1. I'm trying to understand the selection: among the residues of region 116-145, which are modelled with pLDDT of 95 or more, more than 24 Å from residue 80 (Cβ to Cβ) and part of a loop (DSSP other than H, G, I, E, B)?
2. Could you identify the single residue in 146, 132 that is within 20 Å of residue 65 (Cβ to Cβ) and either surrounded by fewer than 21 Cβ atoms within 10 Å (Cβ to Cβ) or touching an Asp or Glu at 6+ places or on another chain (Cβ under 8 Å) (or both)?
3. Find the residue count for region 87-110, including only residues that are in contact with a His (Cβ under 9 Å, 6 or more places away or on another chain) and within 15 Å of residue 148 (Cα to Cα).
4. Output the residues belonging to region 1-54 that are of a type in the set (S, T, N, Q) and either closer than 16 Å to residue 164 by Cβ or without any contact (Cβ under 8 Å) to a residue 24 or more places away in the chain (or both).
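The values are calculated or read from the model by the stated rules, or taken from the named source; none is laboratory data. Note that the structure is predicted; figures quoted are calculated from it, not measured. When we count neighbours, we look across all protein chains shown, and the Cβ atoms used for this are built from the backbone with ideal geometry, even at glycine.
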Amino acid sequence: MAKVLMIIAPENYQDKEFNTAKKILEQAGHQVFVASKYKGEATGQLGGVCKVGLSLPEILVDEYNGIIFVGGAGASIYIDDEEAHQIARLANDLGKAIGAICVAPSILANAGILEGKKASVFPSEEENLRQKGAEILSSDVMVDGKIVTASGPYAAADFGYKFLEALNQ
């Protein structure tokens, strides 16, 4: 059983991306933990409410087998967030499975871990990923090594299953 950390925005995380990936991981027998900028409750774009057990400074990356950055309009707060970048870089350095969906692949790009990698992202962030050296492909979900990126909520199920595969590598 793996431990997976899902990082969501405190407000306006994408409910479908979060709930779908979480369900897929839990059905496969993995433990899912939720982090955000602040502990307490987070609210989704579609009205969902989620209990957040960890704040970013409390995250110990080496305790998890994989980390997912969930998208949605609120995820843009992490695009230039150095704490989020450090988490992504450390997870990458430790060979963890890393996932990002919707606008969240820009977090990985700005952390410097998508350079030379194939990626998928919400259209509004494509140029940022290109500028950071990622190769944008038209696929809704892209896997490059243990990094899984996806373009939005319509790809949430495929993203969840591909992340599950990366976790099991």
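1. Selection gives 140, 145.
2. Checking each option against the conditions leaves just 146.
3. Number satisfying all stated conditions: 2.
4. Scanning region 1-54 gives 19, 20, 27, 31.
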